[in-house]
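Have a look at the structure below, then the notes.
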Amino acid sequence: MTKLVAPSILSGDFADMAKSCLDAKAWGADILHLDVMDGVFVPNITFGMPMVKALKTRNILPLDVHLMITKPEKYVGQFCDCGADIVTFHPDASDDVAGALKIIKDKGVKCGLVLNPDKPLELVRPYLDDIDVLLIMSVYAGFGGQKFIPESLNKLKQAKKLIEGKNVLLEVDGGVDETNAKDILACGVDIMVAGSAVYKSENPSKTIKILRGEI
Ligand code: DX5
Ligand code: ZN
């Protein structure tokens, strides 16, 4: 499968978000990654449904909504209604993982689970037939611009094995940049999320090609 690059708009310009998203598309991005943080599950607050809804009206690229919120089962339906194309959440934040996944599926939206670096793959094993995406965090969720945790490469390889034969895409998020893209792609990752590496790049088009393994 062709690798997909999903810039995280967390590193974009919040005063001019539509432009940041249009820029990402012009640079060759495939998906927009939207980091929703509630200040409870993670010690940071970003944006919520209104941002998803607003960006949807611009119809720029598919929207990959990464929920870092407690009790995601309460809100996943609303994020779908706002126009998310993919909704992922952390299973350890939820009291009803299966229920939340079902709400997303029933809305016709792709669903996925996210694991922080200290959360074992075992947490997602019961849901492998129900998810479209498995997102492995290569930093602790909460902030952009952190350094890639090298042990994540092993976890990505194990995750790839775990989803073998399943209809699940492997996504990585956190500290992904030009220096580690090759090693990450070698683990069989399908979707590369990158915030600062894209938005702070002197040549974002080139960076996206590198992240996709084209150069
Ligand atoms: C971290 C977010 C990431 C972050 C990635 O909690 O989930 O999506 O924005 O940013 P970089 O690529 O700068 O690590
Ligand atoms: Zn993210």
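Observations on the model:
- Pick from the stretch 181-200, criterion assigned to a loop (DSSP other than H, G, I, E, B) and within 11 Å of ligand 1 (Cβ to nearest atom), ranking: farthest from the chain's Cα centre (by Cα): LYS200
- ASP13 vs. criteria modelled with pLDDT of 95 or more and more than 24 Å from ASP132 (Cα to Cα): yes
- First in the stretch 188-213 and within 26 Å of VAL168 (Cα to Cα) and among the β-branched types (Val, Ile, Thr), second anywhere and in a loop (DSSP other than H, G, I, E, B) and more than 14 Å from ligand 1 (Cβ to nearest atom), Cβ under 6 Å, 6 or more apart: ILE208/TRP27; ILE208/GLY28
- VAL109 vs. criteria farther than 18 Å from ALA84 by Cβ and surrounded by 16 or more Cβ atoms within 10 Å (Cβ to Cβ): no
- Only listed residue being buried (at least 17 other Cβ atoms within 10 Å of the Cβ) and either farther than 16 Å from PRO7 by Cα or modelled with pLDDT under 95 (or both), chosen from VAL168, VAL189, VAL176, VAL139: VAL168
- Residues (surrounded by fewer than 19 Cβ atoms within 10 Å (Cβ to Cβ), part of a helix (DSSP H, G or I), more than 13 Å from ligand 1 (Cβ to nearest atom) and not charged (D, E, K, R)) located in the stretch 1-34: ALA15, MET17, ALA18, LEU22, ALA26
- For the stretch 35-49, the set of residues classified as part of a loop (DSSP other than H, G, I, E, B) and either farther than 13 Å from GLY142 by Cα or among the acidic types (Asp, Glu) (or both) consists of GLY48 only.
- Of the residues in the stretch 56-73, at least one is more than 13 Å from ligand 1 (Cβ to nearest atom) and under 19 Å from ILE136 (Cβ atoms).
The values are calculated or read from the model by the stated rules, or taken from the named source; none is laboratory data. Everything numeric in this text was worked out from a predicted model, so none of it was measured. We place every Cβ from the backbone using ideal geometry, glycine too, and count neighbours over all the protein chains shown.
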